[in-house]
Amino acid sequence: MSQQTEPLDVEGLREDFPILQREFDGTQLVYLDNAATTQSPRQVVETITDYYYEYNANVHRGIHQLSQEASVAYEDAHDRVAEFVGADGREELVFTKGTTESMNLVAYAWGLEELGPGDEVVLTEMEHHSSLVTWQQICKRTGAECKYIPITDDGYLDMEAAEDMITDDTEMVSAVHVSNTLGTVNPVSDLADLAHDHDAYMFVDAAQSVPNRPVDVKEIDADFLAFSGHKMCGPTGIGALYGKEHILEEMEPYLYGGEMILKVTYEDATWNELPWKYEAGTPPISQGIAFAEACDYLDEIGLENIRRHEAELAEYAYEQLTQYDDVEVYGPPADDRGGLVAFNLEDVHAHDLSSILNDSAVAIRAGDHCTQPLHDVLGATASARASFYLYNTKDEVDRLVEAVDDARQLFA
Ligand code: 7TS
């Protein structure tokens with residue numbers, strides 16, 4: 001994992017992303033919806049076309065040449081993505097549809113089996129619905145209880161409350177690493193220590209961290225960690241679940257079918273080795289191979305460089321937006337956040353704001369960002385959110401702020 005700290009050659013990088021050249025009525029697109037999904041560079045898109053033009057075949061099945069080539073590339077992609085997050089290898093890295101499916105896999109395969117009345121799952125108030133709703137519903141089905149670590153007024157996790165809430169009744173702590181609404185970077189390693197002190201597992205939702213900073217599953221000591229390819233320059237339809245090998249060995253499969261079995265009789269079946277035990281059916285082959293290419297692309301740039309670039313843009317955006325008294329930005333201070341700012345302009349609904357920004361070709365997200373209960377805590381029904389990535393510039397932040405100012409004047 002690269003630790004260099006060089007400024008990004010953003011103009012050079014932008015050439016890899018043809019979509020960024022799009023214009024609407026002669027105005028160039030400013031794409032600031034990267035927490036929802038990122039754009040893919042040519043290198044990733046060409047990996048997909050190469051696959052379909054050169055070696056499209058089903059994997060693990062055929063002994064013909066095409067199938068062998070596809071199988072090797074698909075299997076190696078697991079090692080590449082595993083390496084990207086510091087896992088030991090493919091045995092610890094299951095390909096899924098994305099973070100949501102990774103979360104559901106563990107909730108169904110482990111949670112339904114292991115949880116029961118008296119058990120507790122500890123989440124945070126800033127969980128994305130993919131974790132919140134999943135654990136909430138699994139708790140309802142098993143009789144276990146969900147608890148939520150509160151946030152402080154400035155958008156951090158209340159770690160004193162966390163220490164009280166994580167007890168011997170806790171079976172799972174599941175926390176978002178970087179909040180997709182507040183931009184808070186949570187101390188997931190400290191939470192993992194607390195969980196392990198009480199023999200609970202630690203699940204890290206790394207959907208908003210793996211794409212933009214060095215993340216090492218061993219350093220965090222996560223038992224599970226989930227992320228999505230489409231938020232890190234890769235295609236949609238592919239993501240990953242990291243799990244400690246001994247836990248993945250012990251768990252029962254989540255989906256049954258072909259590919260995931262070793263021996264089948266009319267009476268019973270045994271399971272394939274890791275990670276295939278959790279990948280029933282024909283997998284997303286081209287997406288998996290392109291996911292690995294996205295990891296190469298990001299490593300080439302350097303994750304620490306990307307983290308710093310995003311933090312600079314977020315700090316700049318925060319400062320520019322808060323110069324207006326009627327703009328409220330949520331979450332921690334300007335200089336201590338991930339690469340996004342969620343905000344509201346007084347008396348203007350976030351959807352209206354987003355629509356006005358769209359007229360200036362500035363793409364942001366408006367809504368609850370799949371964190372409805374968190375918005376209740378913030379006292380807002382919705383918010384506007386600008387989220388940055390490696391190809392965004394300060395000029396684009398200026399375009400955002402100008403468009404927000406236009407909206408202020410329109411609604412004044
Ligand atoms: N966890 C976090 C923290 C997220 O931000 C998201 C998606 C997910 C999980 C789910 O990822 P998926 O790939 O399975 O959908 N977040 C957003 C967002 O902020 N806007 O659109 C999707």
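Data for the structure
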{"read-out": "Most fluctuating residue given options THR236, THR322, THR100, as computed from a GNM of the chain linking Cα atoms under 10 Å", "value": "THR322"}
{"read-out": "Part-to-part distance (alpha-carbon centres) for the range 148-198 and the range 268-299, which is given in Å", "value": "30 Å"}
{"read-out": "Antiparallel %, DSSP beta bridges [both residues in the chain], to 5", "value": "60 percent"}
{"read-out": "Cα-Cα over 22 Å, subset of LYS97/LYS244; LYS97/LYS147; LYS140/LYS231; LYS97/LYS140", "value": "LYS97/LYS147; LYS140/LYS231; LYS97/LYS140"}
{"read-out": "Formal net charge of residues neighbouring VAL348 (Cβ-Cβ distance under 11 Å; K, R +1; D, E -1)", "value": "-3"}
{"read-out": "Top of GLN287, GLN137, GLN65 by mean-square fluctuation, Gaussian network on the chain, Cα under 10 Å", "value": "GLN65"}
{"read-out": "Environment charge at GLY239 (Cβ cut-off 13 Å; Lys +1, Arg +1, Asp -1, Glu -1)", "value": "-1"}
{"read-out": "Cα pair distances of the range 45-300 binned at 10 Å [whole percent]", "value": "7, 31, 34, 19, 7, 1, 0"}
{"read-out": "Among ALA292, ALA161, ALA70, residue whose mean-square fluctuation peaks in a GNM of the chain (springs only between Cα atoms under 10 Å)", "value": "ALA161"}
{"read-out": "Excluding exposed DSSP-loop GluC sites (Glu not before Pro) (at most 14 other C-beta within 10 Å), longest clean stretch of the chain", "value": "16-266"}
{"read-out": "Length-normalised contact order for the range 166-277 - Cα pairs under 8 Å, 6+ apart - percent", "value": "17 percent"}
{"read-out": "Segment GLU23-GLU249, length gained on full extension (0.36 nm per residue, minus Cα span)", "value": "76.3 nm"}
{"read-out": "Low-density loop positions, trypsin sites (Lys or Arg not before Pro), the range 295-401 - DSSP coil, at most 13 other Cβ in 10 Å", "value": "none"}
{"read-out": "Those aspartates and glutamates that a straight Cα-Cα span of less than 15 Å connects to LYS394, excepting residues fewer than 8 apart in one chain", "value": "ASP9, GLU11, GLU310, GLU312, GLU315, GLU319, GLU402"}
{"read-out": "Accessible area (Å², per residue) of the range 332-412, counting only protein heavy atoms and a probe of 1.4 Å", "value": "40 Å²"}
{"read-out": "The chain: angle of helix 42-54 to the longest principal axis, Cα-based, in degrees nearest 10", "value": "40 degrees"}
{"read-out": "Accessible solvent surface per residue of the range 128-242, calculated while the other protein chains remain in place, 1.4 angstrom probe, Å²", "value": "33 Å²"}
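The values are calculated or read from the model by the stated rules, or taken from the named source; none is laboratory data. What you see is a predicted model; the values in this text were computed from it and never measured. Glycine gets a Cβ as well: all are built from the backbone with ideal geometry, and neighbour counts include every protein chain shown. Heads up: the accessible areas ignore ligands, DNA and RNA and are worked out on the full protein's heavy atoms, side chains in. Shrake-Rupley method; radii C 1.70, N 1.55, O 1.52, S 1.80 Å.
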